[in-house]
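Heads up: the structure comes next, in structure tokens.
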Amino acid sequence: MAEEIEVYGDDDGIMLLGDSEDIQQALAELQISEEHTTDISKAAILKTAHRATKMFGKAQERSGRWVKLTKESAQKAREHGFLRNNATGNFMGVIGKGGKGGIKGNVQFERIAGGFNPAKVANVEMLMLTMALEQAMKEMTDYLKQIDAKVDQVLRQQKNAELAKFLSVAGLVAEAENELSHIGTLSDATWDQLGNSAQTVNEVQQYSLLQLKDIAEKIASSVNDTRTTKDTLVKARSGIGDWLAVAADCLRMRDRIDMLKVQRFIDADITPDLLSKHRFVIAENRRARYHSITDATAHLRQAIKEAVQGKDDTMRVILLPMDAPVVMREGNAIVDALARFDKALGEEYAVTHFSEKQWNDAMGEVGQALADGTGHLLQQAGDNLKEGTKQVGNLVNGAGDQIKKAFGNFPKLW
């Protein structure tokens, strides 16, 4: 590459500043597709010429690309020598010219060529924060469209005055964004109108987390009864979807408010050190919000696993042929919904589905066990009597023909 490329990075992403062709070469060496990056010239915070000049001066004429830091891109960064600066906790350096001609092992951190000054570093870090905010808001918007979320309906159904305030916050934030896009700055009067909007959003988010926690506890308490598990999961499925949508909209709303806050900070004449501190606080608070929600989804996944696990065993499928399969299907549907939500938050993992044993297969296993002269499944039936006594009685009274058909050619198992 002909010239040096400035490299910055934080917990959310990596930014490359320099000549466009050099950046393309660097991305190729990093094995990062350009289509997975964002052109910084499209950043909302730089739409105003005054703000762009204030942040970067002549540097705004240079090209720049930002890429979201995923597990894959983070690994590539480590492989190519992108280490954290001990002083800031972020990435900062140059690549290319004056070294090995490539990227690996050619990153400087303590003394960076090109005269990096505190103001420039603070502005670049704030730009990276806004890029992360924009990306997160886009992903939350896409998620809410994907599930056709009706957040306003969910909140209205609660008939809670505090929750209803969330809808008014959405209107105020939209008005502030409209003012910013047309005028370029946010007036003190408009900012004052927002008032305690962030606190209101936080309260709604906490309420949604409490609802998800309550659902998880109900699922966990159903672990010893298949029919109760089925009824609980059927009822929980829609509730989980509703409150995940509310949590997603709360995250998006806080990011929108943070974006307004960042632009207020940029427009104010504050020191680079204070600007960096504001960026740090905003980023830390965002991480805390995201972790509180991913903790809730992890708790839900564990509760579902414990409640569903074992519900596909042979005797349960036979004794409760109408319930056990529903448990499997509902459990799988919920873990899929949780995975989609977590993916929108940047948390990707392999989804483990619960197996659904078919009734015919279960009966075949019983027949084979009896033919082999083993008593294994008979013992299993005895072990299940405590859980199944009530259910079996109901089945005998309400579905006698089905039971006779199921066991007509086999010795009685109880």
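Every number in this text was worked out from the coordinates using simple rules, so none of it is lab data. Predicted model only: the values in this text are computed from it and were never measured. Cβ sites come from the backbone with ideal geometry, for glycine too, and all protein chains shown count toward neighbours.
Report, in listed order, any pair from K68/K343; K138/K213; K150/K218; K159/K213 with a Cα-Cα distance greater than 18 Å.
Over 18 Å Cα-Cα: K138/K213; K150/K218; K159/K213.
Using a/c under 1.5 as the rounded threshold, could you call the stretch 195-240 rounded, prolate or oblate? The axes a ≥ b ≥ c are square roots of the C-alpha gyration tensor eigenvalues, and prolate needs a/b larger than b/c, oblate otherwise.
Prolate.
Check each of the trypsin sites (Lys or Arg not before Pro) in the stretch 144-199 and keep only those in coil by DSSP with at most 11 other C-beta atoms within 10 angstrom; list them in order.
Here the trypsin sites (Lys or Arg not before Pro) that fit, given the DSSP loop and packing criteria, are K159.
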